[in-house]
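What follows draws every value from the coordinates through simple rules; no lab data is involved. If you're wondering where the values come from, they're calculated on a predicted model, not measured in any experiment. We place every Cβ from the backbone using ideal geometry, glycine too, and count neighbours over all the protein chains shown.
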């Protein structure tokens, strides 16, 4: 196969800690192939393609690329634009003008749909174009993949955060509620379980978008845990909804709106704050705190799963390998051992615009925690390098002063 | 000096990532001294003393102590109780009953005041007691200290977070507002400056409790930055107040109260959410996001400054060294080189119930950023191990398609 032309690569959607690994994996592999005449990067994802906003990566040094690979978030910047057919046609016209023959888009399920539509245009016009989608998402919600690059590093951040807040909450007690990313899939919230080391450690309760959230059950769960341990740590997804699919934050706000008439849904501290007030008011517990992990969890500099970094690099490398052998599709990660993976190229329509959620066997019967099956699934992804936690072992001293004074 | 008796140690106030280093430093040093017959730990700070809730640490293995030292937050748990004179007298009575001759309290300025009062009772009663305060606080607000253990690790967390959100905000643009800990002293918020690597990186604006916050100035600052860079990253302390000392969050909420009639001040996302709405409404910027770093920043597992860990260990070790030589007081860190420190024992009344704030030379004239003097001050504390950030260097490609179609 000797398809000569330019390569164009872009990054879309929410950043991850390892999305540049995939970018660099694809570029380094492309530099080995003389059929790829130039390597262009589109700035701001698909927007950069229709606006013809390209930078020439052909002359990037290997050293700088390796440094970019370790930098969190999207070095080519990103976009939230979801292209329609007309937009994709324009993308295709710009690519054809530049003799782009290899098109790579690093992103989630919307991005794979974009790749699919652009490829269709090229086929219809008999323009030879290889188009490959490279997976990424902290939500871990792509079909056909055992897991997706970006998830494990975010999960590691969540695990380390919970190892810390566990000790913090043990020191000062009370109820702690953490609101984590995840609108439809609860994988990241579920990963908080890796914060647990000792039997009485938190998270004690985990609420996921996959399970309808009932405020009364939540309050009972918190009450029971607090009575047992004198404290309670809760992890919940921003996307939790009631049985009808209405987001819990809307339910709690009721008809109240902010100063500008909006009901705030996410990207703010509202859900955590409202549940905090519920627990204080209904259970009479004084010390109730909440944190919304927000943007910290998805691209934190310096907390990266080594497995995730390696696989993110490899999906990029594999994308180029498939491409220079004439194959279009989406690179998918399959688990083949405990623990190893293989990469396959799957048809774009199997990924495009679809969402994977937590399988039932990962969630306990009560819908307020995860199972051992989930822990077995997530542990090798995050790796062996979580910070260790230890406790003092000293025995309790007899209360001789108190006894004496009681007499 | 041959004062024989038990040692009692406790931890108070908000946890830090290295507070157990100090605990273990004091214990390991005490185990060398035969005059110290037993080592007791009080559970939950001063509450554990009046309730005679002790654990016997005499038989802790060195290996386990070294593992506890690396565990974040307070292994002996903590308390928010601020003892009055009567409370301190009760503490003293329990200590006398157990023949405690060496008393150590790891904490902030309130804790040092407690140590001072207990020591006074002992002196009045002619009971020989050595009492030493061991400093800790992420707020870095203790008098007599160049800096305090716990601060540098929290500052490192903030720096790493900003290295990440910088790239995140660069990828998706808009305004990002981070609310950081600091009621009176802005050191931790100011440390966000270490997130900046490239000239156009954030944080672009830093607001501290030391400078009266004017919403109009803030909006103008954000507007100017956004027009220049197409984005704007703001770091601000939870404790920012107006000229009259009224917290900004109260000002923004106005007379509105939550469902339970409270005005929320901190420990929630209100300040960030309210400023987000202000920027959206007054400046018409669409993508405005805020994170409240909350409890993540003070005891995150796995993000520790090596300098901080070492010094936290040493202040504990020094506390015992001073104590077994009959000296009571508060261990203080003095900077003696760029970079090294020395430890001194200072009188308790010089620390007790006093608060240090950012010196003027650390804040710029406009009151919306820090100076080079602050960067020089904080850099050696956080250390050389911050994650590196790199950018692609590729040149912009000529817009030949756009030009052709314009003709």
Dimensions (Å) - the range A:302-379, Cα atoms, principal axes, largest first: 49, 31, 26
Quick check: pseudo-label points 7 Å beyond the Cα along Cα→Cβ at residue B:281 and residue B:227, how many nm apart are they? 2.3
Within the protein assembly as shown, helix-based [θ] at 222 nm, where runs of 4 or more DSSP H residues each add -39,500 (n - 2.57), nearest 500: -11500 deg cm²/dmol
Over the range B:242-394, what is the mean sequence separation of C-alpha contacts under 8 Å (at least six apart), divided by residue count, expressed as relative contact order in percent? 13
Which of rounded, prolate or oblate describes the range B:189-238 when judged by the alpha-carbon gyration tensor and an a/c cut-off of 1.5? oblate
Taking 0.36 nm per residue of separation between residue A:244 and residue A:84 and subtracting their Cα-Cα distance, the length gained on full extension comes to 54.6 nm
Fewest first, what order do B:340, B:242 take by the number of other Cβ atoms within 10 Å? B:340, B:242
Compute the label zone of residue B:124 within the range B:88-111: residues whose backbone N is under 14 Å from the point 7 Å along Cα-to-Cβ. B:88-93
Across peptide A:47-57, how many C-beta atoms of other chains are within 10 Å of each residue C-beta, on average? 4
Compute a Gaussian network model of chain A, connecting alpha carbons closer than 10 Å, and tell me which residue from A:48, A:302, A:107 fluctuates the most. A:302
Calculated FRET value between residue A:349 and residue A:385, using beta carbons and R₀ = 56 Å, to 0.05: 0.90
Expressed in angstrom and ordered largest first, the alpha-carbon extents of the range B:46-113 along the principal axes are 39, 26, 18
What are the label-to-label distances in nm, one decimal and shortest first, from residue B:336 to the same spot in the other copies, with labels 7 Å along Cα to Cβ? 6.0
Output the 0 to 90 degree angle, nearest 10, between the alpha-carbon long axis of helix B:109-124 and the longest principal axis computed from the alpha carbons of chain B. 10
Residues of A:96-107, mean number of Cβ from any other protein chain within 10 Å of their own Cβ, rounded to a whole number? 1
Build a GNM of chain B with springs between Cα atoms under 10 Å: which of B:365, B:196, B:70 gets the top mean-square fluctuation? B:365
Apply the a/c threshold of 1.5 to the C-alpha gyration tensor of the range A:94-236 and tell me whether it is rounded, prolate or oblate. prolate
How big is the antiparallel share of DSSP beta bridges in the range B:1-122, given as a percent to the nearest 5? 25
Just check the range B:1-107 against the gyration tensor rule for me: Cα atoms, a ≥ b ≥ c as the square roots of the eigenvalues, rounded for a/c under 1.5, and otherwise prolate or oblate depending on whether a/b exceeds b/c. oblate
Where the Cα atoms of chain B are projected onto their three principal axes, how long is each span, largest first, in whole Å? 95, 49, 35
Taking Cα pairs closer than 8 Å and at least 6 residues apart, the relative contact order of chain A in percent is 21
For chain A, take the longest principal axis of its alpha carbons; what is the angle in degrees between that and the long axis of helix A:151-172, to the nearest 10 within 0 to 90? 20
Write down, largest first, the equivalent ellipsoid semi-axes of the protein assembly as shown in whole Å, where each equals the square root of 5 times an eigenvalue of the alpha-carbon gyration tensor. 51, 27, 26
Give the peptides A:115-127, B:165-177 in descending order of average Cβ contacts within 10 Å, highest first. B:165-177, A:115-127
Note to self: C-alpha centroids of the range A:268-346 and the range B:160-239 sit apart, in Å, by 26
Among B:157, B:198, B:218, determine the one that fluctuates most according to a GNM of chain B built with springs between C-alpha atoms less than 10 Å apart. B:198
For the axis mapping A onto B, the chain A residue whose beta carbon sits nearest, plus its rounded distance in angstrom, comes out as A:269, 1
The range B:114-152 to the range B:1-55: how many Å between their Cα centroids? 13
Need one number: % antiparallel among DSSP beta bridges in the protein assembly as shown, to the nearest 5. 30
Using alpha-carbon coordinates, inclination of helix B:372-382 to the longest axis of chain B, degrees: 60
Computed over the range B:136-250, the relative contact order (Cα-Cα under 8 Å, seq sep at least six) in percent reads 28
